[in-house]
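The values are calculated or read from the model by the stated rules, or taken from the named source; none is laboratory data. Every value quoted in this text rests on a predicted model; they were computed, and no experiment measured them. Note that each Cβ is placed from the backbone with ideal geometry, even for glycine, and that neighbours are counted across all protein chains shown. Surface areas here come from the heavy atoms of the whole protein model, side chains and all, with no ligands, DNA or RNA. Shrake-Rupley method; radii C 1.70, N 1.55, O 1.52, S 1.80 Å.
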There are 2 protein chains.
Amino acid sequence: MVPHLVTALTGPINELEQRILESMPVIERWFRLEWMEHTPPFYTSVDIRNAGFKLAPVETRLHPDGWDHLAPEMLPLAVQAAMAAIEKICPEAKNLLLVPRSTEDRCYLSNLAQLRRIFYQAGLNVRIGSLSNQIKAPTTIELPDGASVTLEPLIRNKRRLGLKNFDPCTIVLNNDLSAGVPGILEELHEQYLLPPLHASWSTRRKSRHSKAYEEVAKRFGKLLGMDHWLIAPLFAACGAIDGSSPPGLDALRNHADVLLAKIRRKYKEYGINEKPFVRIKSDRGSGGVLLRDAKEIDRLAPALLARLGTEPGALAVPEILLQEGVPTCERINAAHAEPVVYLMDRYVVGGLYRVHAEHDADHSARAPGAGFVPLAFEHSAQLPQPGIKPGASVPNRFYMYGVIGRLAMLAASYELEASDPDAEHYD
Amino acid sequence: MVPHLVTALTGPINELEQRILESMPVIERWFRLEWMEHTPPFYTSVDIRNAGFKLAPVETRLHPDGWDHLAPEMLPLAVQAAMAAIEKICPEAKNLLLVPRSTEDRCYLSNLAQLRRIFYQAGLNVRIGSLSNQIKAPTTIELPDGASVTLEPLIRNKRRLGLKNFDPCTIVLNNDLSAGVPGILEELHEQYLLPPLHASWSTRRKSRHSKAYEEVAKRFGKLLGMDHWLIAPLFAACGAIDGSSPPGLDALRNHADVLLAKIRRKYKEYGINEKPFVRIKSDRGSGGVLLRDAKEIDRLAPALLARLGTEPGALAVPEILLQEGVPTCERINAAHAEPVVYLMDRYVVGGLYRVHAEHDADHSARAPGAGFVPLAFEHSAQLPQPGIKPGASVPNRFYMYGVIGRLAMLAASYELEASDPDAEHYD
């Protein structure tokens, strides 16, 4: 079932939809050529905001969870894409080790059960190895749907990581390692670690991703003859900022002022009658604070530090990214609906709406208490219907989301290439 | 909707299902390794017969039609597989030319519209060029579902084939060329012709395919530790036989006697209480006659010649293949249901049942008047459910069908390699 969506689509985004639909063969060819040169991340989810006047990714995750919320009809697509990915990376693969986050959250464990299903159905023996010290013997946890998940203690020898009687050739991380890279995952040169360690938050920076996405969006904008701002959030990388000191707050206030002014100019250019806002985010990992006015910085500073500093492994002086806030115009009944696109290898394999009941369009739906509604990409993100009035077709919107999701994934691929410690750079 | 199937599954096939399910990671890995060495045909459909005691392919088509009968939910899988195929063969592709059979049959044209949809959604500009002399200008034909198909005259220059203002880099044949290869398709060295000309019936021989399939089935049987007869029809390649002469009929009778005796021995070995039969088929192209007893040959000869000799381009003295008849035990209500598996590149993308109302289990469902029921691979052929009682799970049976379909496709890939005029052979 596709949730009933109330979407206030206005001018520019309809034009964008139309242009994207008309250019479909051009776009698909462009992606094909990009993937000749670049390797897609193993799997990705992309949070998208549809503001009506603008459609942009706001977060690109390389260790996505929530796979259990995808519509069941889409599972075969994920399996087929996983087959393609495995075949490319390690065709002789037999055993796959899944390394999850250390949590007993049942929702997360259902996600894990779904990932195990996908890789099993792609033809691999799958077992789950826990990084947690609590897991000293195989531990089976029953799930609400009747399935169960068995967590086993990891066993590391000099060269390989595995479980008791289980030697995997491929290790899939479903843990973004925001608390740092545990030694047990380092120096694994004989096994495929997917995604690689430098895709975790110990290496990744949102500012690098934003920069890479800006580059991708510019090229894509040129391809389609449109302003790339319509698909890319403005941002400012502020570096390490000590929010407890007046000079730190001054610097942050200046960055925010400049960014808000840039957004205001764009709003004016497009006749958008909205109040600009930005998000203050940690440059590595999750968490973020909304800011409508640079003057609010002083009042926000303690909350900001609390939000950015609570992650395990967070820096004493956090690195800060300011990102243009993109409001959400999609609603399911009275709740905000924020689309998330799921990708496996280079393929869009599904999507869901994160639904948040609060009536504040600026609120992040990833807050605790956010509900999930599986977004049944009923005709999949790959089945646009040409000839239908812009804004009126759900499959067409899903196709557009799939394109934006792939642009963000491509940016992640650029980002990973640039941060790959094993790469040879010719700059 | 999955059609309600009445299937009398007895001993051996349940064992086979169980063994195939248990061996899933082994099987998938085996296919992955095979596809490292061999190139799958561009697209394939495989007719399968489920006899209850035996499950085997009886026909492998390399220019499949009937795509419009697949369940709509499976379309995204076909699109994703087509993307993978195009990406591998010609990532820079922009324009794709579809060359169909010359027929105004609306069912076939609906199939064409569906193929056009799949390739368009995979990101290509698709147009249709007709081999028919009747098509002298673009001709649009309306279809019952409201869609339409435009056939355009082909334009050939010295090096390339195209349409007016349309220069394709890829040409997809949906025509098995059983009437011979038209000159307009020859010597196209600058464009990708998919499948290649030697995949058409002017080069293909069923006997070669049967031989290749036997080899594949043997290796697969060894992998799973089972008798490959359970998945492979016995056959005899008789060569050119003049059915109008007594020596020709004698030879055919002898071949039939030997083959029937072989089947009888196998039936005895497995305690199968059925009367063996064989099919007399043209070694190239379609058509076939049922034979229960070698003595019937004299009576059948004229009918046989009529059936094998009516194809345009048929030889005066047809080459004959005898194939073990595999009865059908699947029924939808009182009608026989014969599964057909569809593959794009290396992926199973759907399937359907050909349904025939006649109560004769031996009858070929491909006779005129055969109905089609889309076989909604509800959980797709890639989603088996381990732990379910053999014979009781539709997804598990579909997975098994998908495996047999891929074995036949692999055999076609061997066959095409062996008959490739451009290949370098090191025998």
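What number goes with the only condition from (1) in contact with a helix residue (DSSP H, G or I) (Cβ under 6 Å, 6 or more places away or on another chain); (2) facing chain A (nearest Cβ under 8 Å) that B:Leu62 does not pass?
B:Leu62 satisfies all of (1) in contact with a helix residue (DSSP H, G or I) (Cβ under 6 Å, 6 or more places away or on another chain); (2) facing chain A (nearest Cβ under 8 Å) except (2).
Being open to solvent by 60 Å² or more (accessible area, probe 1.4 Å) and either at the interface with chain A (Cβ under 10 Å from one of its Cβ atoms) or more than 22 Å from A:Arg127 (Cβ to Cβ) (or both) is the filter here; which residues of region B:19-28 pass it? Don't jump to the end; show me each part of the working.
Looking only at region B:19-28, we keep the residues that are open to solvent by 60 Å² or more (accessible area, probe 1.4 Å), and these are B:19, B:22, B:26.
Across region B:19-28, the qualifying residues are B:Arg19, B:Val26.
Quick check, is B:Leu55 within 14 Å of another protein chain (Cβ to nearest Cβ) and either touching a residue at least 24 places away in the same chain (Cβ under 8 Å) or touching a Ser or Thr at 6+ places or on another chain (Cβ under 9 Å) (or both)? If you could, list the steps in order and put the result at the bottom.
On the way: within 14 Å of another protein chain (Cβ to nearest Cβ): no; either touching a residue at least 24 places away in the same chain (Cβ under 8 Å) or touching a Ser or Thr at 6+ places or on another chain (Cβ under 9 Å) (or both): yes.
No; evaluated as a whole, the condition is false for this residue.
Give me the strands (runs of 3 or more DSSP E) completely within region A:139-219, filtered to those with at least 3 residues that are without any contact (Cβ under 8 Å) to a residue 40 or more places away in the chain and touching a strand residue (DSSP E or B) at 6+ places or on another chain (Cβ under 8 Å), ordered by residue number.
Values: elements: A:139-142, A:148-153, A:170-174, A:192-194.
Where strands (runs of 3 or more DSSP E) fall fully within region A:139-219 and carry at least 3 residues being without any contact (Cβ under 8 Å) to a residue 40 or more places away in the chain and touching a strand residue (DSSP E or B) at 6+ places or on another chain (Cβ under 8 Å), they are A:139-142, A:148-153.
To keep it simple, each residue is scored yes or no on (1) under 24 Å from the mean Cα position of the chain (by Cα); (2) surrounded by 15 or more Cβ atoms within 10 Å (Cβ to Cβ); (3) not β-branched (Val, Ile, Thr).
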{"site": "A:Ile128", "(1), (2), (3)": "yes, yes, no"}
{"site": "A:Glu142", "(1), (2), (3)": "no, no, yes"}
{"site": "A:Ser148", "(1), (2), (3)": "no, no, yes"}
{"site": "A:Cys169", "(1), (2), (3)": "no, yes, yes"}
{"site": "A:Asn174", "(1), (2), (3)": "yes, yes, yes"}
{"site": "A:Val181", "(1), (2), (3)": "yes, yes, no"}
{"site": "A:Leu185", "(1), (2), (3)": "yes, yes, yes"}
{"site": "A:Pro195", "(1), (2), (3)": "yes, yes, yes"}
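Have a look at B:Lys94, B:Lys54, B:Lys88 and point out the one that is open to solvent by less than 20 Å² (accessible area, probe 1.4 Å) and among the basic types (Lys, Arg). Please lay out each step first, then the result.
On the way: B:Lys94 fails: open to solvent by less than 20 Å² (accessible area, probe 1.4 Å); B:Lys88 fails: open to solvent by less than 20 Å² (accessible area, probe 1.4 Å).
That would be B:Lys54, the only listed residue that is open to solvent by less than 20 Å² (accessible area, probe 1.4 Å) and among the basic types (Lys, Arg).
Taking region A:115-174, which residues are over 27 Å from A:Glu92 (Cβ atoms) and among the charged types (D, E, K, R)?
A:Lys136, A:Glu142, A:Asp145
Does A:Asp242 satisfy the condition of being under 30 Å from A:Glu34 (Cβ atoms) and of a type in the set (Asp, Glu)? Give the derivation first.
On the way: under 30 Å from A:Glu34 (Cβ atoms): no; of a type in the set (Asp, Glu): yes.
No.
State whether the residues of region A:288-300 include one that is open to solvent by less than 10 Å² (accessible area, probe 1.4 Å), under 30 Å from A:Tyr399 (Cα atoms), at pLDDT below 80 and not acidic (Asp, Glu). Steps first, answer last, please.
At the first step, the residues of region A:288-300 found to be open to solvent by less than 10 Å² (accessible area, probe 1.4 Å) are A:291, A:294, A:297.
If we keep only those that are under 30 Å from A:Tyr399 (Cα atoms) too, we end up with none.
Checked region A:288-300: no residue is open to solvent by less than 10 Å² (accessible area, probe 1.4 Å), under 30 Å from A:Tyr399 (Cα atoms), at pLDDT below 80 and not acidic (Asp, Glu).
Before we move on, is A:Leu96 within 14 Å of chain B (Cβ to nearest Cβ) and under 16 Å from the mean Cα position of the chain (by Cα)?
Numbers: within 14 Å of chain B (Cβ to nearest Cβ): yes; under 16 Å from the mean Cα position of the chain (by Cα): no.
Considered against the rule, which asks whether it is within 14 Å of chain B (Cβ to nearest Cβ) and under 16 Å from the mean Cα position of the chain (by Cα), A:Leu96 comes out as no.
So in region B:31-42, with the set limited to residues that are open to solvent by less than 30 Å² (accessible area, probe 1.4 Å) and part of a helix (DSSP H, G or I), which one is nearest to the other protein chains (Cβ to nearest Cβ)?
Of all residues in region B:31-42, those open to solvent by less than 30 Å² (accessible area, probe 1.4 Å) come to B:31-32, B:34-35, B:40-42.
Narrowing further to those that are part of a helix (DSSP H, G or I): B:31-32, B:34-35.
Values: B:Phe31: 8, B:Arg32: 4, B:Glu34: 10, B:Trp35: 7 Å.
Per the stated criteria, the residue is B:Arg32.
Inside region A:65-76, can you point out the residues that are more than 12 Å from chain B (Cβ to nearest Cβ) and in contact with a strand residue (DSSP E or B) (Cβ under 8 Å, 6 or more places away or on another chain)?
Start the filter on region A:65-76 by keeping residues that are more than 12 Å from chain B (Cβ to nearest Cβ), which leaves A:65-70.
Matches in region A:65-76: A:Asp65, A:Gly66, A:Trp67, A:His69, A:Leu70.
Looking at region B:77-92, which of its residues are part of a loop (DSSP other than H, G, I, E, B) and more than 7 Å from chain A (Cβ to nearest Cβ)?
Start the filter on region B:77-92 by keeping residues that are part of a loop (DSSP other than H, G, I, E, B), which leaves B:90-92.
Scanning region B:77-92 gives a single hit, B:Cys90.
Which residues, taken from region A:115-151, are closer than 16 Å to A:Asp65 by Cα and either of a type in the set (D, E, K, R) or within 12 Å of another protein chain (Cβ to nearest Cβ) (or both)?
A:Arg116, A:Arg117, A:Ile118, A:Phe119
Only one of these is modelled with pLDDT of 95 or more and open to solvent by 30 Å² or more (accessible area, probe 1.4 Å): B:Lys275, B:Lys266. Name it.
Values: B:Lys275 fails: modelled with pLDDT of 95 or more.
Only one candidate qualifies: B:Lys266.
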